[in-house]
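The values are calculated or read from the model by the stated rules, or taken from the named source; none is laboratory data. For clarity, every value in this text was computed on a predicted model and none was experimentally measured. Neighbour counts run over all protein chains shown; Cβ positions are idealised from the backbone, glycine included. Please note that ligands, DNA and RNA were not included when accessible areas were found on the heavy atoms of the full protein model with its side chains. Shrake-Rupley method; radii C 1.70, N 1.55, O 1.52, S 1.80 Å.
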Amino acid sequence: MNCSLFLVFLILSVSITVSSGSHQRAILRAIIKENNNKDGDFAIDLNATNFDSLLKETPSPYAIVEFFANWCPACRNYKPHYEKVARLFNGADASHPGIILMTRVDCALMINSILCDKFSVGRFPMLFWGPPKKFVGSGWDPKQEKSEILPIENFRTADSLLEWINKQLGSSYGLDDDGKYEKEHLQTNTSNPDQIAKAIYDIEEATSTAFGIILAHKMIKPATRASLIKFLQLLVAHHPSKSCRKGSADVLVNFDDMCPPETMSVNNEEAESCSKKGALGNYQICGNEVPRGYWMYCRGSRNYTRGFSCGLWVLLHSLSIRVEDGESDMAFRSTCDFIHNFFICDECRQHFYEMCSSVSSPFKKARDFALWLWSAHNKVNERLMKEEASLGTGDPEFPKAIWPPKHLCSSCYFSPSKMSKENSKINWDEDEVFKFLVSYYGRKLVTLHKDKEQKSADQTEKIVTEELVASTHAVVVPVGAALAIAVASCAFGALAYIWRSRQKNRKPRRSWN
């Protein structure tokens, strides 16, 4: 699609308003308290206003909904049992996060009366099990012959409820699993290529975490302001998550209002104020439910291994294969500047910046940028392999390795050539590597997790096509953001100037909504 046609397409799309997400995306982080209080509430309280939206957005493949009444003595007595199971699956410290979303609905509240009627709640408590999306806009009727929503009959104690869950999943969870990691549920990215589909949630987590670090450490300064704007432009145009594209656009369009360039100086309090509440601190860049407090594809077998650094690498790779040739060098510079200015692991930041500085000529092809990032990542892994092996600080289940391994991409490796033992470098077929990167971080990353929900090949192809088009070009956002994206896709380097020109003519916002 040429620049003019793409610009017209986006302008025609701006009539659809981007929701702030306050009702559509508000799951775990805002509701579950991140503490170690074993007596705290881990189950999520739902009501008629957020029931559909929360269950629709959760990445967990299963959900349990408890319908109860706050005046019911039996419900009050059952709550500790339900919470014992909920703490295994909900929250930042859950033993088995991302598998079952444990929720509850109080039918004693008038707002929930219609919702409880839809599920034929005739006694308290009542528990239902099913895929979260099957609860959305739906209900349960005891006369219904076939339904993916199942009533749970044996749930009176924590042990009996967990036993019922284990029978459904073929698992062996125990109440003493609290605080433990379980190898069988680690998402091993070196053994199953389909696991990359779950990384879309970790990319959202990493994006939100990075944004939170920037605000918490007041890192937006006169010297770093421009690099943040450029990286936001990259996210608006090419982030694989729709919610992060929309959130980045909202931040970008209002950035000058919150962090005015003319008032920011080294000795000015304005340099810090835009990070506080009342400015950028009011924005959730990937929606109100992110960060969720846990990782899926990037979860390590030990506390504090993998996680954020893994999610950030996946984000960068996914961006590198989505940019077009004319954007490749600007995307490269934006990525390097972002890591240099905002990644607070000093040694990592310095190493990455050295690799960036070693590039002598501008990139002209998106392929070159994607392969450079892949090569840089392998250099980092190679260095960390030696350090972690000597210090014993690595993740035993996810040791650093050269990537991709042969079982994921055998065609990425040329047949072994005659090389001396001193020259044992891998002979890569970079054309095949690039094809693999595009497939792995493009189509599989964004769409694979949706394939199971499709009932035909035609439906699957339609969703794949729509998602890839959306994540590469079109974003339905307000006018200012749409124009920014259009220019970004045509000439990424000119985006900052046009966007700032628009900002100068914008009227002040009357409210944050």
What per residue convex hull volume, in Å³, comes out for the range 54-155 when only alpha-carbon positions are used? 107 Å³
Please work out the FRET efficiency for the pair T393 and H217, using the Cβ-Cβ distance as r and a Förster radius of 22 Å; give the result to the nearest 0.05. 0.35
Among 114-125, 240-251, how do they line up from the highest to the lowest mean number of other beta-carbon atoms within 10 Å? 240-251, 114-125
The range 297-440 - accessible surface per residue (Å², probe 1.4 Å): 53 Å²
Say the cut-off is 31 Å between C-alpha atoms; which of K167/K435; K84/K133; K56/K84; K242/K425; K230/K444; K218/K386 go over it? K167/K435; K242/K425; K218/K386
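Which FRET efficiency value, to the nearest 0.05, is calculated for T49 and N154 with the Förster distance at 35 angstrom and r the Cβ-Cβ distance? Before the final figure, lay out each step's value.
On the way: r = 31 Å, r/R0 = 0.90.
Efficiency at R0 = 35 Å is approximately 0.65.
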Is the shape of the range 327-413 best called rounded, prolate or oblate, per the rule: a/c under 1.5 gives rounded, else a/b larger than b/c gives prolate, else oblate, with a ≥ b ≥ c the square roots of the Cα gyration tensor eigenvalues? oblate
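By average Cβ neighbour count within 10 Å, what is the ranking of 75-85, 399-409 from highest down?
On the way: 75-85: 17.9, 399-409: 14.9.
Top to bottom by mean Cβ count within 10 Å: 75-85, 399-409.
May I ask you to compute the full-extension gain from V136 to Y353, defined as 0.36 nm times their residue separation minus their alpha-carbon distance, rounded to one decimal in nm? Provide the component values of the computation, followed by the final result.
Values: separation 217, 0.36 × 217 = 78.12 nm, distance 4.68 nm.
Result for the pair: 73.4 nm of gain on full extension.
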Segment I344-W403, length gained on full extension (0.36 nm per residue, minus Cα span): 18.7 nm
State, to one decimal in nm, how far the label point of E432 lies from the label point of K167, with both points 7 Å from Cα in the Cβ direction. 4.9 nm
In nm, the gap between the two label points placed 7 Å beyond Cα toward Cβ at K118 and K379 is 5.4 nm
